[in-house]
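Enquirer: Have a look at this one.
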Amino acid sequence: MLIAVATLSGCGSVISKSALMGVDRSATFDIVQKEPARFAGANVLWGGVILSTRNLESATEIEVLETNLDFNDLPSFDNSSSRGRFIITAEKYLDPNVYKEGKGVTVAGKVLGVSVRKIGKMDYNYPVVRPVELKLSEELPEDYYAGYPMWGYPYYDPFSPYGAYNPYYPFSPFGPVYPY
């Protein structure tokens, strides 16, 4: 039981524990967009899909389509869960070929406020975040898990000649165990 607890406690965020220390989980994207003055300076953890990256004279701006984060704090690539867009402003050069359109990004950082910019002809309030830590991710291909049983190949393979589970897999001192 202790080994299971120790193993499961190792699973976690892609963002370091030190960057997650002061994160205000109540400062969600939609609330910050509506009440930017209330959350100015708040530490947030947001993620999404990169729409564009622009290098300015002294900073890099990344426009992100916000999406939900999963249990590892990786962004969902399902754009239907988006509540809007935000901007990450890093005070250093970030390569646009690395931080390119379509990649996922998770950011832990401070809310600087809101920047009003145009999307088409409409004014839009972009929450602006200064990153403490950034992590990129990519969408896995559809067939990434093809051929592997979803319950942890190879240790739980019902089609194995050793049965559904064998702690001595693939070599059993008792010989093959057939299910019939």
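The values are calculated or read from the model by the stated rules, or taken from the named source; none is laboratory data. Keep in mind that what you see is a predicted model, and the values were worked out from it rather than measured. Positions of Cβ are generated from backbone atoms using ideal geometry, with glycine treated the same way; all protein chains shown enter the neighbour counts. Just the protein is used for accessible areas: all its heavy atoms, side chains included, with ligands, DNA and RNA removed. Shrake-Rupley method; radii C 1.70, N 1.55, O 1.52, S 1.80 Å.
Enquirer: Could you please find all residues in the stretch 56-88 being at pLDDT 95 or above and among the polar types (S, T, N, Q)?
Expert: Thr60
Enquirer: Give the residue, chosen from Tyr93, Tyr99, that is buried (at least 19 other Cβ atoms within 10 Å of the Cβ), at pLDDT 90 or above and in a loop (DSSP other than H, G, I, E, B).
Expert: Exactly one residue qualifies, and that residue is Tyr99.
Enquirer: Return the pairs, sorted by first residue and then second, in which the second residue is open to solvent by 30 Å² or more (accessible area, probe 1.4 Å), the first residue lies in the stretch 44-60 and is assigned to a loop (DSSP other than H, G, I, E, B), the beta carbons are less than 7 Å apart, and the residues are 6+ apart or on different chains.
Expert: Ser58/Glu91; Ala59/Glu91
Enquirer: A follow-up question, please. For the stretch 110-121, indicate whether the set of residues that are over 24 Å from Asp73 (Cβ atoms), at pLDDT 90 or above and open to solvent by 100 Å² or more (accessible area, probe 1.4 Å) is non-empty.
Expert: The answer is yes, given that some residue of the stretch 110-121 is over 24 Å from Asp73 (Cβ atoms), at pLDDT 90 or above and open to solvent by 100 Å² or more (accessible area, probe 1.4 Å).
Enquirer: Quick one: Val23 ticks every box in (1) touching a Leu at 6+ places or on another chain (Cβ under 7 Å); (2) modelled with pLDDT under 90 except a single one, so which number is it?
Expert: With (1) touching a Leu at 6+ places or on another chain (Cβ under 7 Å); (2) modelled with pLDDT under 90 applied to Val23, the lone miss is (2).
Enquirer: Out of Leu69, Leu74, report the one residue that is touching a residue at least 40 places away in the same chain (Cβ under 8 Å), under 15 Å from the mean Cα position of the chain (by Cα) and open to solvent by 10 Å² or more (accessible area, probe 1.4 Å).
Expert: After applying the criteria, what remains is Leu74.
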